[in-house]
Amino acid sequence: MNTAMTMTPKRFRPGFWSAIAAVLFLAFCTVTVIRFTKGLGAVTNLSDKFPWGLWIGFDLLCGVGLAAGAFTLTAVVHLFNLKKFEPIVRPTILTGFLGYAFVIVALLLDLGQPWRIWHAIVYWNPHSVMFEVAWCVMLYTSVLALEFSPVVFEYFGFHTPARIIHRLITPLVILGVILSTLHQSSLGSLYLIVPSKLHALWYSPMLPLHFYISAIGAGIGMVILESYLSGRAFHRHLEMDLLEPLARGMVVALGIYGLMRLQAIRRNHAFGSILEFGYEGKMFLLEITLGVILPVALMSFRKLRTNPDWLVGSAFMAVLGFVMNRLNISITGMEAASGTRYMPSFMEIIVSVGLVATGMAVFAFAVRIFPIFPEGEGAKSLEMDKGA
Amino acid sequence: MSMGLLVDTTRCIGCGACSSACKEQNKLPGKVEEVLTAYTWTTVQPKEGLNVRRMCMHCEVPTCASVCPVAALTKTADGPVVYDAERCMGCRYCMMACPFEVPKYQWDKAVPVVGKCIMCAGRLKEGKQTACAEACPAEATTFGKKEDLIWEARTRLRSKPGAYVNHIYGLSEAGGTSVMLISSVPMDKLGLKSNLPADPPAMRTWQVLSNIPDFIGVWGVFLYGVHWITARREQVAKAGNHDNGREDR
């Protein structure tokens, strides 16, 4: 960790990236106004034939999936007791929380009547996967907020609530892992009900497990990426002694996931549709090469794992492949049965990109204010600056 | 007593009286469209020289009702699958999941709801038949008890074997439906889904969902067990070091 000490603290000054984020946020607000005055048809390319698009495929499925680093790392540190990973738990929880906030905002835009979102609490239907999804979003967002709250409490000098949360951390983490397990897998369960619609390259009775394990793999990839990005922003070196073992975890998760996908395709007798090399086959190959084959193959070599460039590159590919998988399941794999092609509209893309940019801006802001990184730009770094 | 509809495509003359009656009955705006929309709950499509009436199939175990997170869609004892617009929050999972692609959305509205045939549930309560069956001049759409309709369909298939393909669409599709179709042309050529499993799709998600309470208990105990073991190990390791230290002294 001593490598992380070599950063040079900088004062916040609004620069190029802040300006971009501000412009995207304003564009997002504009689209939001149009969406709520003119209806979903005016801003999206959604239709009766294709009722779920980018906001479900990217914002919901990927937003939740890429937040999986939070439950994975809290379990590793607090349950498996591998305390050396503690320094990167806080930024991971913050990413998880922001990821879920991103999902909620996207859902508020995608729902036809979002002001009725509380109906899920009042009118129950335990037979519905969406009912499970709704409860998991609510409860796990609360758990993430609680897991992160000590940072905020400590900052404002409220030591008693921080101590209470600290005492309760084990049950809280267990609750978080259970909810995440349910939530990650439930997003796959959403598609169990469309055996006649989802393409055989993706449909499987094991979809919940596919979603769960791929989220762990890509969630770890996301932790690596995020360490790299924040390292760049704050001129810190990568914590290679932590990230190298994480990459091993990623190899195992993605390896198991890759095998499960292979089994599912064999059971569906769907190898033919890869060899046909049609639309679905090509998208599948791209997804599986980026998301499974390359990261697993490259990160199996110690030499590449310990090289920051290869490590970050592989993590990036795993995340990209994960995003492709979710888009393939929600869009590519559903197109043939729907009898239409779906391309998100410009305004749909603006909403997704605007939300990602806003999330990143909030992350950057939070990291500057609160002591999130062990030697971040928070109060501690100033002391270090004086000491140096 | 579960009611249903039998649609005989060989009898349909394509006059569209059913669609018009439906619009009037349910106060749906606009003209009758070629495909189902939020404002056209039933329509007649010319296919293979026949006229094929499309509408909600009113499944016995409706996929839409199983996926709706707020239970806005429900199967009534009379047979209709009805929709409570006041509950719906617009997640559109019903549209995504329906094997027959029936529920449609008001994409043009700022406060949108789902639109689909409700088998004139209100009229059925009053002991009347559906508006479409009443309007049909060719007896192509017959309203009645589902068991009687199955009997009627079988009688027609048996008495005129050359005039029909031997398939009652809706008897086993997606677990069976209250609306059934018979035809002289194979169903897949009429644009009807022919790849539907005979078990209700809702069973596939219920198999997972029904196990959640058990799973929570086992997973919670397992995770706490892991924590217990690793924490104990750390304690033992610490105590061991402490003892060693004392001995050295």
For the range A:18-379, which whole percent of the accessible surface, found with a 1.4 angstrom probe, sits on carbon and sulfur atoms?
73 percent
Strictly over 25 Å apart at the Cα level, which of A:K197/B:K75; B:K116/B:K193; B:K104/B:K145 would you flag in this model?
B:K104/B:K145
Whole-angstrom Cα spans of the protein assembly as shown along principal axes, big to small:
103, 50, 48
Where a Cα-Cα gap under 19 Å defines reach, which aspartates and glutamates qualify for B:K27, not counting those fewer than 8 residues away within the same chain?
B:D84, B:E86, B:D108, B:E126, B:E134
If the elastic network links every pair of Cα atoms under 10 Å, which of A:R90, A:R341, A:R305 fluctuates the most in the Gaussian network model of chain A?
A:R341
On a 0 to 90 degree scale, rounded to 10, what angle separates helix A:279-288 from the longest Cα axis of chain A?
20 degrees
How large is the accessible surface of A:L40 in square angstrom, using a 1.4 angstrom probe and rounding to the nearest 10?
0 Å²
When the label point is put 7 Å from the Cα of A:M260 along its Cα-to-beta-carbon vector, which residues of the range A:214-233 have a backbone N closer than 15 Å?
A:214-220
Gaussian network model of chain A, Cα within-10 Å springs - most flexible of A:L172, A:L60, A:L243
A:L172
Is the shape of the range A:12-99 best called rounded, prolate or oblate, per the rule: a/c under 1.5 gives rounded, else a/b larger than b/c gives prolate, else oblate, with a ≥ b ≥ c the square roots of the Cα gyration tensor eigenvalues?
oblate
Neighbour net charge for A:V351 - beta-carbon separation under 10 angstrom, K R +1, D E -1
-2
Subtract the Cα-Cα distance of A:L82 and A:T30 from 0.36 nm times their separation in residues, and report this length gain in nm to one decimal.
14.1 nm
Largest to smallest accessible area among B:E152, A:E335, B:E34, A:E280 [probe 1.4 Å]
B:E34, B:E152, A:E280, A:E335
Subtracting the Cα-Cα distance of B:M203 and B:C15 from 0.36 nm times their residue separation yields 63.8 nm
Taking amide H positions as placed 1.01 Å from N in the peptide plane, with prolines and chain starts having none, which residues 5 or more places from B:T43, or on another chain, fall under 5 Å of its amide H?
B:R54
Local net charge near B:C12, Cβ-Cβ under 14 Å (Lys/Arg +1, Asp/Glu -1)
+2
Using only Cα atoms, locate the centre of the range A:154-196 and the centre of the range B:151-222, then give the distance between them in Å, rounded to an integer.
38 Å
Order of exposure, largest accessible area first, which applies to B:R11, A:R326 with probe 1.4 Å
B:R11, A:R326
Please list, or write none, the aspartates and glutamates whose alpha carbon is within less than 18 Å of the alpha carbon of B:K160, excluding same-chain residues fewer than 8 places away.
B:D8, B:E139, B:E152
Give me the net charge of A:C62's neighbourhood, meaning all other residues with Cβ under 15 Å from the Cβ of A:C62; Lys, Arg count +1, Asp, Glu -1.
-4
Restricting attention to the range B:100-143, which trypsin sites (Lys or Arg not before Pro) occupy a DSSP loop and are surrounded by at most 16 other Cβ atoms within 10 Å?
B:K109, B:K128
Compute from the Cα atoms of the range A:18-379 the Rg and the Dmax, the latter being the longest Cα-Cα distance, and quote both in angstrom.
20.3, 64
When chain B is treated as a Gaussian network with springs between alpha carbons less than 10 Å apart, the largest mean-square fluctuation among B:H227, B:H167, B:H58 is found at B:H227
Run the simple label-point estimate for B:A163 and B:R233 please: 7 Å along Cα→C-beta, distance reported in nm.
7.8 nm
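The values are calculated or read from the model by the stated rules, or taken from the named source; none is laboratory data. The shown structure was predicted, so the numbers you read here are calculated from the model rather than taken from an experiment. All Cβ positions, glycine included, derive from the backbone under ideal geometry; neighbour counts span all protein chains shown. Side chains included, ligands, DNA and RNA excluded: accessible areas come from the protein's heavy atoms. Shrake-Rupley method; radii C 1.70, N 1.55, O 1.52, S 1.80 Å.
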